[in-house]
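These notes are about the structure you will find just below.
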Amino acid sequence: IFYDNINASPFSFLLFDIVLFSFCTHNRTVFLQAVSIIHLALSQPQITAMSASPRIARAAVAQLRSTRDKRTNLVNVARCAGWAKRDGAQMLFLPECLGFMGDSAQHTLTEADPPIKELLLLKHDNFEITPFRKSLADTISLCSAGSGSGVDNEAVERAANNKRESHPITSIIQELQYIANESKLWISGGGVHTKVPPLEIDHDDADTMLDERKIYNTHVIIDDTGKIQAYYHKIHLFDVSIPNKVNLSESKTTSPGTELIVCNSPIGKLGLSICYDMRFGEMYVDLVQKMGAEVLLMPSAFTVPTGKAHWHALLRARAIEHQCYALAAAQVGQHNEKRQSYGHSIVYDPWGELLADAGGYDGTGTSGNIFITQEESPIGEEESSPVRVPSIVLADIDIDKLESVRERMPIQQHRGNSHFS
């Protein structure tokens, strides 16, 4: 009876060994004592290891090479969702610009999603099944049943048949909602351009209207039914010029957000941010100290020069100083003539240990994600990405481990007690 009910704890197996030993050596006293302990344990199942549910959940962090082709981008998201489902993940994390990478500022403005507040008013559980959405569902099904996370030629071929469908993609977020519902995964949509609502007033200045020709860079959290649970507008905009390397001015097209956001999820309490935000440590002090974030999300499309210089250092620092998991889904490769991204979708634990790295321009990371060859990539991705895309890396998020780190070194308490003059 005990053997049929045994749990995996070392104590349980030790008791079982004692029973066998005492029985074989005819030591009646030891045998009866061991049996008495076992009887007590089996009569109180609430104290067994089987009854204690460890707070561990699996995260799948995607790496993409998005372009101006929304349909191909969304098929790649569906492939990642299928692989995440196959590998037992509860949540899929996607990078900034996951569904569209524009060729110009005007292109980005034209192709932006509707205002997020309009999408919140729509029903999330009654999806019109277009031929393209059918191909997304087929892609999820194929990839969830597959054996590898490389190029799934059958899924790509099926989706390609619907790429020129007349039904337009009017909202990337709505397609993400469909993918979440179909895959039964929570999804972090790490960056979708959404239009600023007409005549929306900047609450810091009641006389000033936000320019409705601009957009927000929006991080959206969608649950496994397709419902939007939270959204965040990027606060810190990337206006950086490095001679002969980088010249980007996000503020030309994008309005900054003003509100910090946390959100409960299957893997823990999420602190939302986007890319350039990660350089502003004070933002994460508030997300963790005041709002209780346990998992910091920093989806990105980092440039290659800044990525090589700072990507790993910044993310590891955010994990260590806030004793949180740090998850950063990334773009990688050549998006168009003007944009190239560093890659290295990554996960750090609260002690700063590297759990997963999808690789990028200066290495293949920890995931086994390989450099592209012609044989590996019959659709030509070797010309524009240093590593295989799309791909996912997996990490188990253990909230008990996080709490143990915080108990042993109570940084948050010490930060709260600090006073400077």
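The values are calculated or read from the model by the stated rules, or taken from the named source; none is laboratory data. Since we're looking at a predicted model, the values are computed, not measured. Ideal geometry is used to build each Cβ from the backbone, glycine not excepted, and the neighbour counts take in all protein chains shown. Side chains included, ligands, DNA and RNA excluded: accessible areas come from the protein's heavy atoms. Shrake-Rupley method; radii C 1.70, N 1.55, O 1.52, S 1.80 Å.
Residues of region 267-307 that are on the phi > 0 side of the Ramachandran plot and of a type in the set (A, V, I, L, M, F, W, C): C275 alone. Could you tell me whether region 115-130 includes any residue that is in contact with a Cys (Cβ under 7 Å, 6 or more places away or on another chain) and in a loop (DSSP other than H, G, I, E, B)? Checking region 115-130: not a single residue is in contact with a Cys (Cβ under 7 Å, 6 or more places away or on another chain) and in a loop (DSSP other than H, G, I, E, B). Residues that are at pLDDT 60 or above and open to solvent by 70 Å² or more (accessible area, probe 1.4 Å) occur at least once in region 71-86. Pairing residues of region 305-325 that are under 28 Å from R408 (Cβ atoms) with residues that are surrounded by 23 or more Cβ atoms within 10 Å (Cβ to Cβ) and among the basic types (K, R), at Cβ distances under 8 Å and at least 6 apart in sequence or on separate chains, gives C324/R318.
Working only within region 302-343, note down all residues that are of a type outside the set (D, E, K, R), open to solvent by 10 Å² or more (accessible area, probe 1.4 Å) and closer than 22 Å to L92 by Cβ. F302, H335, listed by residue number. So which residues in region 87-114 are more than 17 Å from Q63 (Cβ to Cβ), aliphatic (A, V, I, L, M) and crowded, with 19+ Cβ neighbours inside 10 Å, if there are any at all? Within region 87-114, just A112 meets the criteria.
Considering region 207-259, the qualifying strands (runs of 3 or more DSSP E), each wholly inside and each with 3 or more residues that are modelled with pLDDT of 90 or more and open to solvent by 10 Å² or more (accessible area, probe 1.4 Å), run over 228-233.
Summed over region 394-415, the residues that are open to solvent by 50 Å² or more (accessible area, probe 1.4 Å) and of a type outside the set (S, T, N, Q) give a count of 11.
Applying the set (1) part of a strand (DSSP E or B); (2) open to solvent by 10 Å² or more (accessible area, probe 1.4 Å); (3) modelled with pLDDT of 95 or more to L296 leaves exactly one unmet item: (2). Of the residues making up region 389-421, those that are out of contact with any Ser or Thr (no Cβ under 6 Å at 6 or more places or on another chain), small (G, A, S) and within 27 Å of M91 (Cβ to Cβ) are A395, S404. Sort out which residues of region 145-180 are over 23 Å from A112 (Cβ atoms), assigned to a helix (DSSP H, G or I) and either among the β-branched types (V, I, T) or at pLDDT 95 or above (or both), and write them in order of number. Result: V156, single match. Do you know which of the residues in region 50-70 that are free of Cβ contacts under 8 Å to residues at least 60 places away in the same chain and not hydrophobic (A, V, I, L, M, F, W, C) is most open to solvent (accessible area, probe 1.4 Å)? Taking the candidates together, the pick is S53.
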